[in-house]
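Here is the structure we will look at.
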Amino acid sequence: MDALPAPNLFPRATCSGNTATTRSEWCDYSIDTDYTTEAPDTGVTREYWLELTDVTVAPDGVSRSAMAVNGTIPGPTLFADWGDTVIVHVNNLLTESQNGTSIHFHGIRQNYTNDQDGVVSITQCPTAPSSSITYTWKALQYGSTWYHSHFALQAWEGILGGIIINGPATANYDEDLGMLFLNDWDHQTVDELYITAESSGPPTLDNGLINGTNTYDDGGYRFNTTFTEDTSYRIRLVNGAVDTHWKFMLDNHTMTVIAADLVPITPYTTTVLNIGMGQRYDVVITADQAATADSFWMRAIPQSACSENDNEDDIKGIVYYGSSTATPETSAYDFTDSCDDEDMTDLVPYISKTVGDSTSTTLENAAVGFNSDNLFRWTLNSTTMVVDWADPTLQQVLNGNTTYDTSDAVIELPDADQWVYLVIQTTLGVPHPIHLHGHDFSVLAQGSGTYSSSVSLTLDNPPRRDTAMLPASGYLVLAFETDNPGVWLMHCHIGWHTSEGFALQFIERYDDIAAITNSTRLDDNCDTWTTYQTANSIEQEDSGV
C-alpha cells in the first residue's frame, strides 16, 4: 500500500515520554502539538496476537456461554506509543458457535487505511472460523479506546478489549490504573436476547460488570483497587454496554476529566459522569478522602430513562485506602436520572479547531417500525440498512461499482477537504449514541424538539469526538471534513439498534480508495468466508454490521 500522505510524520529518538509532573510533554512534542496534522514516527512496531474462542464463564457467579479474547473478558489491552505502528493478528477459533468475526479499533481514525477498519459488510467479509486476519495501522492519536468485534452482536458476547496509546495529557497524575470497562450483562446470551429485542423491544438485563466482574445474589466478586493517600490516579473509562447509559462516580471523590473519546480536553471537574455506549472518558482522581473513610463505593448506575437493569443499585466496585478490606458504608452523590451527554460547554478540545462552512446540510430522521415479519427495524430517512456479509461495500468500490441498493444506505462524498454537516433527529423518546468511523466529528448542536435553520450552531472549537448522544425527541448536528478516503460506517452504538438497521455509510472520495486498499487481503478473506458460509449454511439475520 502507499505511504500515508498525512499527517506529517517526524522520526524521534528514544525518550521516556513524560513524568508525573510533566504530563503535558512527550519527547520532542507536547499537548500543544496539533496531533491531527503532525505526529511522531517512532519506527517502532507493536505486534499482538488475539485468539477468539467459545467459553463458559461466570463473571457474577452465574454460569453461561460467551466468547473471549485470549481466554478473558475483557480481552488484553493493546499498548502503543503515539507514532508507533500497530499490528494485530486475529485467529478465529469460534468453531463451536460457527461465528465469523472481525475486529474494529473503535475511534482509531485509520488515516488512509480504511481497509483495516474491521467492519463486516463494509470494509471486509467476516473472517471464518479456523481462519486468521492481520490488521495494521498507525497510532496517530493518543489516549484511551477499545477494540471490539463488528460482527452481529459478538462484541457483547465478550469480544472486546482496551487500547492505550501513550502520549501527552492535559493534567498531571501520579499513576495510571489503565482501562475500566463498564458493561451490562445478562444470564442469557445477547444472541438469545436479540429475538426478544426485535420482536417486543429491548429486554431488561440482569446485571452489570466493572472490568468484567460483579456480584449477583451470593455469587461473584466485586472489582476492587487500592489508593494511597495523596496520590493521583488516571482511570480510562469505557462504556462497552449493549444498551446501558451509565452515570459513573466514586463516592466522596471528585474527578478531573482530561479527555473525551480520543480527544484531549481542557480539564474540568465533576462528581458524576455521564457516559454513553461507545464513549470513553479519561479522568484523574486524587486520593484525598482518607480522613472520611478507608473504603469507598465505585458506582456504575444504569439510567432507567433509556434502559432497565434488574441489579441497577448494586453494580459497584470498591476502592480501598491502604490495606483496608472493609465493606464501604459511603453514599452516592445525588443525580437526576437521564441519558444525556456531558455538557457541551465542558467538553472543550485542548487543540482548538474552527469548523468551516458547508454548502449543504443532510437531514436524517430516525424512526422505528415493523418489517414484513413483524420485527422491529430502525430507519434513517425511511431506509433500514441491510448489507451483505459476503459483498462488502469496499470490495464493490474496488470492482468499479457506482450504484448501490437503497438498503445499503450510502451517502456519497466525492470531493476532498469539504465540510459535511449532518443532522440526525427523532420524534421518539429514545436517545441514541451515534458513532462515526474514520473521523472525529464536531458537535455543532444538541437539543430537544425539531431541528430548524434557526438552531444556533457552535463553529468555534465545538466538542470533538467520535461518539455523541442524539437526545430523546431531539436532534444532533455534527460536522466533519472529507480528509480520509474510504467507506465509513455511522451507526447507533446500541447493539440491538445496529442489528436492526440504525446505520448508514459514507463513501468518501471514491476515486482515491483503490490506491490505498490491499485488494488481495480483502479478496482472500472474502473467498474463505464464502466457502465457509456455503458449506455450513450460515444465514445472516440482521443488518449485516
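The values are calculated or read from the model by the stated rules, or taken from the named source; none is laboratory data. Quick caveat: nothing in here was measured; it's all calculated off a predicted structure. Note that each Cβ is placed from the backbone with ideal geometry, even for glycine, and that neighbours are counted across all protein chains shown. Remember, those area values only see protein heavy atoms, side chains included, never the ligands or the DNA or RNA. Shrake-Rupley method; radii C 1.70, N 1.55, O 1.52, S 1.80 Å.
Data overview
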read-out	value
Beta bridge orientation in the chain: antiparallel %, DSSP, nearest 5	70
Equivalent ellipsoid, segment 113-211 (semi-axes from 5 times Cα gyration tensor eigenvalues, Å)	29, 23, 11
In segment 440-545, the GluC sites (Glu not before Pro) that fall in loop regions by DSSP, at most 10 other Cβ within 10 Å	E539
Accessible area, probe 1.4 Å, largest first, for residues D28, D523, D405	D28, D405, D523
Only Lys, Arg (+1) and Asp, Glu (-1) charged, at Cβ; segment 87-234 dipole about Cα centre in debye	680
Efficiency of FRET from Cβ geometry, N518 and H187, R₀ 41 Å, rounded to 0.05	0.50
q = 0.13, 0.22 Å⁻¹, segment 374-496: log10 I(q)/I(0) [Debye, one scatterer per Cα]	-0.60, -1.46
Size of electric dipole in the chain: Cβ of Lys, Arg +1 and of Asp, Glu -1, about Cα centre, debye, nearest 20	580
Near-label residues of segment 441-476 by backbone N, under 17 Å of a point 7 Å along Cα→Cβ of A367	449-451, 473-475
Segment 516-524 - phi-based ³J(HN,Hα) in whole Hz, Karplus 6.51/-1.76/1.60, Gly and Pro as x	10, 10, 7, 5, 5, 4, 4, 5, 5
Of L476, G438, T427, farthest towards positive along the dipole that unit charges on Lys, Arg, Asp, Glu beta carbons give segment 360-536	T427
Efficiency of FRET between T402 and D288 - r from beta-carbon atoms, R0 51 angstrom, step 0.05	0.25
The chain - percent relative contact order, Cα under 8 Å, separation 6 or more	15
Overall dimensions of the chain as given by Cα atoms, namely Rg and Dmax in Å	22.1, 68
